[in-house]
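Engineer: I'd like to ask you about the structure that follows.
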Amino acid sequence: MTELLTEKKLFTKIMTAAILLAIVASLCSFAGSRHISPAKILDKDTLDHQIFFQIRLPRIILAAIVGAALACAGVVFQGLLRNPLADPYILGVSSGAGLGVTIAVISGLSWSVYGRTPISACAFLGSIGTIWLVWLISRPAGRSSPTHLLLAGVIVNALFSAVIMFLVSIIKSQQVHSTIFWLMGNIAEEQPLILWLCGGLVTAAIIGVYFLSPQLNAISFGQSDAKTMGIDTEKTQAAAFAMAAAMTAIAVSLSGLIGFVGLVIPHAIRMLFGSDHRQLVPLSAITGAAFLIVADTAARIVVAPAQLPVGVITAIIGGPFFLILLIRNSRTLGWNMK
């Protein structure tokens, strides 16, 4: 017999996850190649203050934003495609962003606005443009289906990947290095304005997806069943798709392509707590934020003073963790509500 999810239980789970996120962020903010003293970080004249507030704290906030965005977007795409193994990049986001970055590198643009370079801007435009192209291609008859959406994503991804390989083969070696390094996924210090803006947009999108949770629950059973419940599936899909696309594009423009977060986190939360989107959305976002904070901290200290691409760490951590959860919960994997 499944346990009924009440508002009190949901609130308790979310608050517990939020407290754990705060603990993880606090611990990781003091981890690094240089030890900093908690007693000195409030003294503006010390190096510890500068390291904490200008380097580590912005990176932790950015990692939390990107992790939450990718995890929540993963929840949406898995729900819309009715496939627990879907992730934000399955619809061609990676190839679209990669194509945008490749074009930016080849063009030689060098302007900067509030720390944002052409690479970030082109990655955002490429990813958001690709997602909407896939959405339009999948609606030949005015309506979309999970199968059409998935096939359109695979086709566009293959096409754009071929274009990227062609462009990389004809550009200079240093430009190739810049492109590949960005595609590996990296978390770096950001301007406060960018953090506030992107953090606000991602938070708003997560809240929007949360309010669509009852409709997403119904769609998880199938569009025909959802329609019999009085759900406007077309509007719900379009709204959820738009918010997930925006979150993915923001994350990609900030950090490059970081894999496994949008796949492992929602899948793990689903296996541990069930498929009810009322808890799946907030718990995935919070856990995704904590996961990427830990991964970025590991990327900073594993080969210090050098740094690894955080995308490498997420794959190393996420792969075995995902396999363990899959083996332990193979019999309970599914879309049953709890």
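Engineer: Output the residue which, of all residues in segment 213-236 that are under 12 Å from Arg82 (Cβ atoms) and free of Cβ contacts under 8 Å to residues at least 12 places away in the same chain, is surrounded by the most Cβ atoms within 10 Å (Cβ to Cβ).
Structural biologist: It comes out as Ala226.
Engineer: Got a number for residues in segment 203-227 being of a type in the set (Val, Ile, Thr) and modelled with pLDDT under 95?
Structural biologist: Qualifying residue count, segment 203-227: 1.
Engineer: If you go through segment 167-211, how many residues are of a type in the set (A, V, I, L, M) and loosely packed, with under 12 Cβ neighbours inside 10 Å?
Structural biologist: The total comes to 2.
Engineer: Which condition does Phe166 not pass, out of (1) at pLDDT 80 or above; (2) under 16 Å from Ser253 (Cα atoms), if it passes all the others?
Structural biologist: Of the numbered conditions (1) at pLDDT 80 or above; (2) under 16 Å from Ser253 (Cα atoms), the odd one out for Phe166 is (2).
Engineer: Limited to segment 117-133, what total is found for residues that are among the β-branched types (Val, Ile, Thr), farther than 12 Å from Thr248 by Cβ and touching a residue at least 24 places away in the same chain (Cβ under 8 Å)? Steps first, answer last, please.
Structural biologist: Going through segment 117-133, the residues among the β-branched types (Val, Ile, Thr) turn out to be 117, 119, 128, 130-131.
Filter once more, keeping what is farther than 12 Å from Thr248 by Cβ: 117, 119.
Checking which are touching a residue at least 24 places away in the same chain (Cβ under 8 Å) leaves us with 119.
Of the residues in that region, 1 qualify.
Engineer: Hey, among Ala158, Ala162, Ala249, Ala239, which residue is buried (at least 20 other Cβ atoms within 10 Å of the Cβ) and assigned to a helix (DSSP H, G or I)? Full working, then the answer.
Structural biologist: Working: Ala158 fails: buried (at least 20 other Cβ atoms within 10 Å of the Cβ); Ala162 fails: buried (at least 20 other Cβ atoms within 10 Å of the Cβ); Ala239 fails: buried (at least 20 other Cβ atoms within 10 Å of the Cβ).
From the options Ala158, Ala162, Ala249, Ala239, the qualifying one is Ala249.
Engineer: Ile51 passes all but one of (1) in contact with a helix residue (DSSP H, G or I) (Cβ under 9 Å, 6 or more places away or on another chain); (2) part of a helix (DSSP H, G or I); (3) surrounded by 15 or more Cβ atoms within 10 Å (Cβ to Cβ); which number fails?
Structural biologist: Going through the list (1) in contact with a helix residue (DSSP H, G or I) (Cβ under 9 Å, 6 or more places away or on another chain); (2) part of a helix (DSSP H, G or I); (3) surrounded by 15 or more Cβ atoms within 10 Å (Cβ to Cβ), Ile51 breaks only (1).
Engineer: Within segment 54-65, is there a residue that is surrounded by fewer than 16 Cβ atoms within 10 Å (Cβ to Cβ), farther than 28 Å from Ala239 by Cα and touching a helix residue (DSSP H, G or I) at 6+ places or on another chain (Cβ under 9 Å)?
Structural biologist: no
The values are calculated or read from the model by the stated rules, or taken from the named source; none is laboratory data. Please read these numbers as outputs of a predicted model, since none were measured by experiment. Note that each Cβ is placed from the backbone with ideal geometry, even for glycine, and that neighbours are counted across all protein chains shown.
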